[in-house]
Amino acid sequence: MKPFTEQLGAKIRLHRLAQGLTQEQLAERSNTTPSYIGQLERGEKDIRISTLEKVALALNLDLHDMFTNEKESFLKQHKWVWEGILLQLRHPEERQEQAYRILKELLEPNLTTKK
């Protein structure tokens, strides 16, 4: 994987998840396929600017937003957070959720055991 392609894919996934969209919903909105969205998110495919614009619009973003982001800059300043996000994005959502639960238990054990 190429660093830019991987980072762009991570950004697509982050924005998709933040909006509560599935890969299928984003694919429908951007006139692509769910498998293509998955490949983009994993950094496995290069993307044409025209397709990136469709994906950005489907996420209610400008094309410019796909290249810059204050939140991304903040995350990159916190290396382990950024690396952790990229690591998780290489795996299916089911594994991401499992990793999140493990991380939450490690960092906040009292909050997850009390119910």
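The values are calculated or read from the model by the stated rules, or taken from the named source; none is laboratory data. Note that the coordinates shown come from a computational prediction; the quantities given were computed from them, not determined experimentally. Glycine gets a Cβ as well: all are built from the backbone with ideal geometry, and neighbour counts include every protein chain shown. In case anyone asks, the SASA skips ligands and DNA or RNA and just uses the protein heavy atoms, side chains included. Shrake-Rupley method; radii C 1.70, N 1.55, O 1.52, S 1.80 Å.
Per-structure values
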| item | result |
| --- | --- |
| Residues within segment 35-48 that are surrounded by 15 or more Cβ atoms within 10 Å (Cβ to Cβ), assigned to a helix (DSSP H, G or I) and not aromatic (Phe, Trp, Tyr), tallied | 5 |
| Segment 75-94, subset of a type outside the set (A, V, I, L, M), modelled with pLDDT under 75 and in a helix (DSSP H, G or I), residue least open to solvent (accessible area, probe 1.4 Å) | Lys76 |
| Identity of the residue in segment 9-24, assigned to a helix (DSSP H, G or I) and either open to solvent by less than 10 Å² (accessible area, probe 1.4 Å) or among the hydroxyl-bearing types (Ser, Thr, Tyr) (or both), that ends up modelled with the lowest pLDDT | Ala10 |
| Options Glu97, Glu72, Glu53, Glu105: the member that is closer than 14 Å to Ile12 by Cβ, at pLDDT 85 or above and of a type in the set (D, E, K, R) | Glu53 |
| Candidates Thr32, Thr5 - the one that is assigned to a loop (DSSP other than H, G, I, E, B), among the β-branched types (Val, Ile, Thr) and open to solvent by less than 50 Å² (accessible area, probe 1.4 Å) | Thr32 |
